[in-house]
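The values are calculated or read from the model by the stated rules, or taken from the named source; none is laboratory data. Just so it is clear, the model here is predicted, and its values are computed rather than measured. Ideal geometry is used to build each Cβ from the backbone, glycine not excepted, and the neighbour counts take in all protein chains shown. Remember, those area values only see protein heavy atoms, side chains included, never the ligands or the DNA or RNA. Shrake-Rupley method; radii C 1.70, N 1.55, O 1.52, S 1.80 Å.
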Amino acid sequence: IYKVGTIGIIIQLLRLPDGTVKVLVEGKTRGVIKEFNEAAEYFSVEVEEVEEDDESYSDRVKSEALMRSLNESFVSYVKLGKKVHMEMINTVSTIESPSKLADVIVSHVGVKLEEKQKILEILSVAERLEAVYELLLGEIEILQVEKKIRSRVKKQMERTQKEYYLNEQMQAIQKELG
């Protein structure tokens, strides 16, 4: 259990036929565990809400620049990855809060939980935006390499299939000619 987490509200509870329960939770703010409570069947904790610091003017300017860069990079990520719905681009582009933008984007990036947790634990908004931006650029680079590899393999397969087809045609023609 991590010390820093998300305080959220339950939006929907869905009981599936196999007995499992799906829960849709909307995160509201960051929270830090202050104390564990004794509970036999489940974990229970006392949580303190984490207040975000007001940014200085230079941090606000930096955040604005990072928000623009993040929005552009997120568009590239969505187009390359195909794992995030295209309508998320519109949703993300309307977010005006730097903190919320960082949190929403990182929630849609396909990285390990540990990476997302590191971002969650960064309390400075400007630092969080920068960390998400670096993470996003790294993922875009990986996706671009994967795309190049897929393209190269596809071309090789097409060439192999074409050669096989042409060889079969040549054999059929030779057989016809005797």
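At-a-glance table
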{"item": "Exclusive hit being free of Cβ contacts under 8 Å to residues at least 12 places away in the same chain, open to solvent by 100 Å² or more (accessible area, probe 1.4 Å) and touching an Asp or Glu at 6+ places or on another chain (Cβ under 7 Å), set 35, 72", "result": "35"}
{"item": "Total residues in segment 7-57, condition closer than 21 Å to residue 122 by Cα and of a type in the set (Ser, Thr, Tyr)", "result": "3"}
{"item": "Checking residue 94 against (1) without any contact (Cβ under 8 Å) to a residue 12 or more places away in the chain; (2) closer than 20 Å to residue 1 by Cβ; (3) among the hydroxyl-bearing types (Ser, Thr, Tyr), the condition it does not meet", "result": "(2)"}
{"item": "Members of segment 16-32 found to be surrounded by fewer than 10 Cβ atoms within 10 Å (Cβ to Cβ) and touching a strand residue (DSSP E or B) at 6+ places or on another chain (Cβ under 6 Å), listed by number", "result": "21, 22"}
{"item": "Filter result for residue 110 (more than 29 Å from residue 32 (Cα to Cα) and at pLDDT below 90)", "result": "no"}
{"item": "All helices (runs of 4 or more DSSP H) inside segment 96-178 with 2 or more residues being open to solvent by less than 80 Å² (accessible area, probe 1.4 Å) and of a type in the set (D, E, K, R)", "result": "113-120, 125-177"}
{"item": "Options 51, 41: the member that is open to solvent by 80 Å² or more (accessible area, probe 1.4 Å) and either at pLDDT 95 or above or within 23 Å of residue 107 (Cα to Cα) (or both)", "result": "51"}
{"item": "Meets criteria (farther than 19 Å from residue 105 by Cα and either touching a Lys or Arg at 6+ places or on another chain (Cβ under 7 Å) or free of Cβ contacts under 8 Å to residues at least 60 places away in the same chain (or both)) for residue 21", "result": "yes"}
{"item": "All positions within segment 89-119 that are of a type in the set (A, V, I, L, M) and over 13 Å from the mean Cα position of the chain (by Cα)", "result": "95"}
{"item": "Number of positions in segment 82-91 that are in contact (Cβ under 8 Å) with a residue 12 or more places away in the chain and open to solvent by 60 Å² or more (accessible area, probe 1.4 Å)", "result": "2"}
